[in-house]
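Visitor: Below is a structure I'd like to ask you about.
Just so it is clear, none of the values below were taken in a lab; they were calculated from the coordinates. These numbers were taken from a predicted model, which means no experiment stands behind them. So basically every Cβ, Gly included, is an ideal-geometry build from the backbone, and we count neighbours across all protein chains shown.
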Amino acid sequence: MMLNQQIRKDSSGFATASNALLLGVACVLIWLFVFSRADGKLHVYFLDIGQGDGIFIQTPSGRQVLIDGGESPQRLFSELGEVMPFWDRSLDLIVLSHPDGDHMFAQIDLPTRFDVDIALESADSRSHEDSIRWREAMQHNNTTIMLHQSGDWIDLGDGVSLHTIWPPPEGYRGENEDNENSIVMKLVYGQFSVLLTGDTGLPSEKAWLTAGIDLSATVLKVGHHGSRGSTGRDFVEAVDPLLSVIQVGENSYGHPNQEVLDNLAGRKILCNVEHGRVHVYSDSRQMYIEEERNPDAFCQTNYSPFGR
């Protein structure tokens, strides 16, 4: 009898401990949800994905957009794991600015980890053989693929809108067509805005200035990783950004070019290779900036793939 009583006591104690453990886990999950859910602000993350572009956007109520993603799926997934809840396996919208590997390759593997509702590409991308694998991956995932061109825009809710200002319906025809046909978008939330330029350069910038397009923006994602063929002085003056972000990794191209840095002089400049992931967020009036590392570092030119 004494033994049976002891067994019942131990069993009861174990059940109580188990319930306490389950309750503790549930509380942790609830608080994780609370701290990771939408907080009423617009968040823009310039992901540290190496020599390439990758921008993650979360709207005030939690809609999620990914523009490009770099070349390495592993690096993109790692970065998304840092800015998305660990249980979240869906994206509302992705945008392929153009079918260069340093913008597109990681997106091809997105359907292996995420359900993607809508994917945007340009008519030039659709006619480009390099984008076939990307399109097949999206179709296999039952993702809706849509074409976007200048004049199109998307209502993301909460007063946030994403406007496409380039390329034109007929596309750009001239030197360096692949880059100059990048989808260029302007993200707008009240008094806060971000101009996302893909790999466009001086020819596109000249066309925008000639057409009188409103280029003004709080934040400029510098074109083509800060190459010499982008980000002209007149263009910078038209945008008049408070912050310029250069998506660049270790490279042998001399990105960002010193002339580009000179054109941006006097403004705050951040680049992924120096500062890691760059996080910009806004309540529609004020802008807040967070760097992952080296907040006092300066962007430099002539990066080497063999280290600095």
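Visitor: Taking the structure as given and computing Kirkwood radius over Cα pairs in Å, which label from (i) 20.6; (ii) 22.0; (iii) 20.1 fits?
Guide: (i)
Visitor: Still on this structure, please answer the following. List nothing, just return the count: lysine pairs in the chain, 8 or more apart or interchain, with Cα separation under 18 Å.
Guide: On the way: Lys41/Lys186; Lys186/Lys206; Lys186/Lys221; Lys206/Lys221; Lys221/Lys268.
Pairs that pass both the separation and distance tests number 5.
Visitor: Counting each DSSP H run of 4 or more residues in the chain as -39500 (n - 2.57), what helix-only mean residue ellipticity at 222 nm follows after dividing by all residues, to the nearest 500 deg cm²/dmol?
Guide: -9500 deg cm²/dmol
Visitor: Under the definition of Cα pairs under 8 Å and six or more residues apart, what whole-number percent is the relative contact order of the chain? Walk me through the numbers before you get to the answer.
Guide: On the way: 663 pairs, mean separation 44.3, N = 308.
Relative contact order for the chain comes out at 14 percent.
Visitor: If you don't mind, there's one more thing I want to ask. So which chymotrypsin sites (Phe, Trp or Tyr not before Pro) in segment 78-171 pass both tests, a DSSP loop state and at most 11 other Cβ atoms within 10 Å of the Cβ?
Guide: Numbers: sites: Phe86, Trp87, Phe105, Phe114, Trp134, Trp153; in loops: Phe86, Trp87, Phe114.
For chymotrypsin sites (Phe, Trp or Tyr not before Pro) across segment 78-171 that sit outside H, G, I, E and B with at most 11 neighbouring Cβ atoms in 10 Å, the list reads Phe86, Trp87.
Visitor: Quick one: Lys206, Lys41, fewest Cβ neighbours within 10 Å first, how do they rank?
Guide: With the sparsest Cβ surroundings first, the list reads Lys206, Lys41.
Visitor: Using mean Cβ contacts within 10 Å as the protection proxy, how do 278-288, 263-273, 49-59 order, highest first?
Guide: Top of the packing list down: 49-59, 263-273, 278-288.
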